[in-house]
Structure formats: C-alpha cells, structure tokens
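Remarks on the structure that follows.
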Amino acid sequence: MLTKRQKSINWVCVILMLILSVFFLFPVVWMLANSFKPDAAIAADMNAMSAFIPPALSSSFFDNYISIITNTAFLRYMGNTLFYAAVLIVLGIIVNGLAGYALAKIDFPFRERWVLVIMMLMIIPTETIITIHFLIIAKTGLLNTVIGYILPMIVNPFNIFLFRQVFLSLPDDVYEAAQLDFCSPVKYFFTMVLPMSKTVVATVSVFTFLNVWNDYLWPSLVFTSSDLLTAQIGLNSITANENTTMGQTLAVITLITIPVIIIYSCFSKQIVEGVTHTGTKEG
C-alpha cells in the first residue's frame, strides 16, 4: 500500500513526464502541420501559434505530398528500404539466432571466449567496422549491388547477444524430450526455440528494421545507382534539391518518420521486454 507521500511523488512524476512529452512533441506537431502548407503560409505563421495548426481542408491540402510522390522517386526509395529490411530481418533472425543458440546451449571448445569476442565487438565503433566492410566489398567487386549491401549487415553482435541471453533461460528438458523423437538441433531451433522466444524475435526484428530504415552511411558507400538507393539517401537528395520547397521538405520528412512512429507504437512493449530479459541470466 502506497503512502500519501509516495502517491504525491508518483503524481509529480506523471505530471513532469506529461510536460516533457508535450515539449518533445512540439517539433513533430509543427512538422506535420506545416507539411500541408505552402511556403508563404509557413513563413506567415512562423512566429504564431497557428504554426502548430494545419490549414483548412481544400483541394490543395495534399499538394506537397502529391508533388513528392509524383515528381520524385521517393516511393521507390521507400520500397527499396522495405525490401532490404525484410530480407535482413529474415536472414538476421536465422543467422544471429543460430549463433546465439549455439553460444547458449551447445557445448563446444572456447565457447565462453567466443561470448567475450561477441561482447567486445559490440563496443567497437561502427565507423571502424564499416570501413573494413567497405574494403572487403570493394575488393570482391560487390559495390553497387544488393548482395554487397546486405551481406555485411546480416551478422550483428548485439542481436547475437540478445538471442543468447534469452535462450539461456529455456529449459533443457524440452530439448532432451525432442531428442527422443529424433529431432535434430536445427529442427528443434526452428520448431521449438523460435516459437518459445517470440519476444526477442520481435525485438530483433524491430531493431533490424530501424537500423536499415535510419541508415545513411553504409548505403551511401555501397550504392551509386539511383535505382538501389534507400529512403535516407532519397531524403537527402530531395531536400538538397534547390527546387524543393519547405512544405515539400516537411512532407518527405513526415513520410519517412511515420513508419518509425508506427513501429515503436506497435512493438514498444516487446522491445522493453526483449531488452530487459537479456539481463536475467548469466552464462
């Protein structure tokens, strides 16, 4: 039973969080409201509260969005990114999941040292790893190819660590029972382990999607063909065009932000559960 003092503290925390939420939502509301306006209206409303209010519905309400969709290749960039994300989610779950399962449940020489290597790889700066990946991809002639973009992104030390920590909590007697039915380790992984680990699978899927969706550096190094570009590079090329208006810029930023908001809204619970679960077991 909470005391009166504890209830008061809780209410203060709730009010403070609400104030902070409103504060951080201001840029999003401003972006969304002005993405429907022409540049003249954006400039006129800049220092007024009407800057946070969208214009009245009219025939020109969606002009900025229609212009972006019809006059640029942004939809193709978004489609490319969604395709890359889908492929990397599937391959990442299989490869990183199998690696995490091996580190958690299969006894082999130097297993704990491999765990240490995985943890050390997690703290290496991304730029260092990308440099090595770029040199290898360039040497093998895979620049400006989908394979060259996807291959280095499949293995992710953080995802392997997430899978391992969750798999450590799985009971061994289930596998022993599966062995009696002549179930191989690989079949057991796909038919038993993954279904019992939906939370971490959802967490890894979300992290992979967000990593691909928000990534600018790696695709900018690999791709030179406009047909293969991702959403972030498309965003940069569209906003850098001198013919793009402020309203169109806000519209394209809104389009690229919506999927991230949807993902976090739908899977926030799974993300929290998946990450917090990694600290419940020690190898």
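The values are calculated or read from the model by the stated rules, or taken from the named source; none is laboratory data. Every value quoted in this text rests on a predicted model; they were computed, and no experiment measured them. Virtual Cβ from ideal backbone geometry, glycine too; neighbours counted across all protein chains shown.
Some points to look at:
- Complete set of residues in segment 11-46 that are in a loop (DSSP other than H, G, I, E, B) and at pLDDT 85 or above: Ser35, Phe36, Lys37, Pro38, Asp45
- Filter result for the condition that a residue is closer than 26 Å to Tyr264 by Cα and of a type outside the set (Val, Ile, Thr), over Phe189, Phe209, Phe182: Phe209
- Flag if Ser8 is outside any helix (DSSP H, G or I) and either of a type outside the set (Asp, Glu) or over 25 Å from Pro259 (Cβ atoms) (or both): no
- Residue match in segment 59-66 (condition: over 30 Å from Ser226 (Cβ atoms) and free of Cβ contacts under 8 Å to residues at least 12 places away in the same chain): yes
- Hits in segment 59-92 - residues which are out of contact with any Ser or Thr (no Cβ under 9 Å at 6 or more places or on another chain) and in a loop (DSSP other than H, G, I, E, B): Ser59, Ser60, Phe61, Phe62
- Matching helices (runs of 4 or more DSSP H) fully within segment 187-260 where at least 3 residues are in the same structural domain as Ser60 (by TED's automatic domain parsing) and in contact with a helix residue (DSSP H, G or I) (Cβ under 8 Å, 6 or more places away or on another chain): none
- Residues located in segment 99-117, provided they are surrounded by fewer than 19 Cβ atoms within 10 Å (Cβ to Cβ) and either in contact with a strand residue (DSSP E or B) (Cβ under 9 Å, 6 or more places away or on another chain) or in a helix (DSSP H, G or I) (or both): Lys105, Arg111, Glu112, Arg113, Trp114, Val115, Leu116, Val117
- Leu168 under 26 Å from Ile271 (Cβ atoms), touching a Lys or Arg at 6+ places or on another chain (Cβ under 6 Å) and hydrophobic (A, V, I, L, M, F, W, C): yes
- Selected residue (only one of Val186, Val201, Val222 is touching a Gly at 6+ places or on another chain (Cβ under 6 Å) and not aromatic (Phe, Trp, Tyr)): Val222
- Those residues of segment 31-42 which are hydrophobic (A, V, I, L, M, F, W, C), touching a residue at least 12 places away in the same chain (Cβ under 8 Å) and surrounded by fewer than 17 Cβ atoms within 10 Å (Cβ to Cβ), in sequence order: Met31, Ala41
- One residue stands out among those in segment 197-237 that are closer than 19 Å to Thr128 by Cα and of a type in the set (Val, Ile, Thr): the one that is farthest from the chain's Cα centre (by Cα), which is Val222.
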